[in-house]
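Below is one structure, written out as structure tokens; the observations come after it.
The values are calculated or read from the model by the stated rules, or taken from the named source; none is laboratory data. Just so it is clear, the model here is predicted, and its values are computed rather than measured. Cβ sites come from the backbone with ideal geometry, for glycine too, and all protein chains shown count toward neighbours. For accessibility, only protein heavy atoms count, side chains too; no ligands or nucleic acids. Shrake-Rupley method; radii C 1.70, N 1.55, O 1.52, S 1.80 Å.
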Amino acid sequence: MNETVEQIQDWYRNERELSNYSIIDVEDKLKYLAEKGLIWILKDMKDINELEKIVIDSFLNKYRANQVYDNLNDFRNLQPSNKASTKKPPLLSPKPTSQQKTMKKTLKIRDVKKFDGYLKAKELEEKIIEICKTFPSYDGNIIDQIGRSAESIKKRIAMGEQIYIGEKFYQYSIAIGSAKETSSWLQISLGQGYISQEQYDELDNQVTQIVAILTKTLVNIKDKEGKGMDLPSPYTPKVKGFDAYEQALLLVEKVYGMTRRREFWGEKGLQKEMIKYATSCVANISESHQLYVLVKFRFFNDALQALDGLDSMLDTSVNKQIVTGEGIADIRKLRESIRNILMKRLGNISKEKDS
């Protein structure tokens, strides 16, 4: 590895650690590297998390023309940009001193298997695995996705049991998003008659309890150990009642109804893709309801991509004369309405991010 590349990666690790993995501080450091043309250097780091990858890719696309790949030795003594805080050290500053390390706020690690949130998440996963055995085998999409999202809740809670406050917030944020996604798959399953209302109520109530436990935990941490830190609000909005979500559920119902008609019997691949895109829109909308602005942005954008994928499949079904343009007019109208709501929300998120 180039020595300068290694130094820049080490600098970023040190800065990230000193900021206790605060996404606000981390984003500021990444923007600085992007403006200087060095953000690409972090792409190959093995110890960056999913949120960092999102920010790195975003800045790499935005500042791609700035990137410098030759004569890296010229950047050995870079100083922070004018926009950066005067408290920032030079780019290739030495590693933090032992005194600086002791000043960082950390948490005590406990046995996660004694944490009520983890136990409820584990129980939820077990119930969902069992209930999925009764689902029709031809709808492997729901079986795979609801199992994955339920497993993610438990896994992220376990990963959140560590000393860094910022990283705990990040892992719990993903767990909350996965919980809300799981709830959306349960709602889709109810709509298709794969589970009863009683089963849905029981499982969805357990999801709500898990989110409440994680939220309360983060509130306590922010009020006590996290004082003075730039942490996001632990509270997340409800997905149910959000227009785009409710309309996306209706879109799923219409797509399922259409693709079960005789005309689609010989088009299993097309049928599968249309259902996948429609349900993916619902799942991404629900998962976007978590703590970090950049993550919200990502999932709303993924929901838009799912809508575009569905639109392409609708074109294919018309081209193959499986359906007529008039026959799918209501689906296209609903898709456009969802898209408009999401675009408006993305605009609001962009303003929140830039403020």
| query | Does any residue of the range 259-269 turn out to be open to solvent by 60 Å² or more (accessible area, probe 1.4 Å), without any contact (Cβ under 8 Å) to a residue 24 or more places away in the chain and within 24 Å of Asn205 (Cα to Cα)? | reply | no
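Residues checked against (1) at pLDDT below 85; (2) open to solvent by 70 Å² or more (accessible area, probe 1.4 Å):
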| position | (1), (2) |
| --- | --- |
| Leu51 | yes, no |
| Val55 | yes, no |
| Asn77 | yes, yes |
| Leu91 | yes, no |
| Lys104 | yes, no |
| Lys108 | no, yes |
| Lys113 | no, yes |
| Lys120 | no, no |
| message | Please go through the range 152-167 and give me each residue that is open to solvent by 10 Å² or more (accessible area, probe 1.4 Å) and touching a residue at least 40 places away in the same chain (Cβ under 8 Å), ordered by number. | response | Ala158, Glu161, Gln162, Ile163, Tyr164, Glu167
| Selection status of Leu291, under 18 Å from Ile349 (Cβ atoms) and either crowded, with 22+ Cβ neighbours inside 10 Å or not basic (Lys, Arg) (or both) | yes
| field | Residues within the range 27-48 that are part of a loop (DSSP other than H, G, I, E, B), buried (at least 17 other Cβ atoms within 10 Å of the Cβ) and at pLDDT below 85, tallied | value | 1
| query | Which residues, counting only those in the range 270-284, are within 21 Å of Asp330 (Cα to Cα) and either touching a Ser or Thr at 6+ places or on another chain (Cβ under 8 Å) or crowded, with 20+ Cβ neighbours inside 10 Å (or both)? | reply | Leu270, Gln271, Met274, Ile275, Tyr277, Ala278, Thr279, Ser280, Cys281, Val282
| task | Would you check if Ile331 is part of a helix (DSSP H, G or I) and closer than 15 Å to Ala248 by Cβ? | result | yes
| field | Residue that is most open to solvent (accessible area, probe 1.4 Å) [pool: residues in the range 182-232 that are among the hydroxyl-bearing types (Ser, Thr, Tyr) and not in a loop (DSSP other than H, G, I, E, B)] | value | Thr208
| task | Please tell me if Gly177 is modelled with pLDDT under 95, small (Gly, Ala, Ser), in a helix (DSSP H, G or I) and crowded, with 21+ Cβ neighbours inside 10 Å. | result | no
| Taking the range 222-252 only, how many residues are over 22 Å from the mean Cα position of the chain (by Cα) and within 21 Å of Val112 (Cβ to Cβ)? | 3
| Residue among Asn284, Asn348 that is within 30 Å of Thr215 (Cα to Cα), out of contact with any Leu (no Cβ under 8 Å at 6 or more places or on another chain), modelled with pLDDT of 95 or more and assigned to a helix (DSSP H, G or I) | Asn284
| Within the range 236-244, is even one residue in a helix (DSSP H, G or I) and at pLDDT below 95? | no
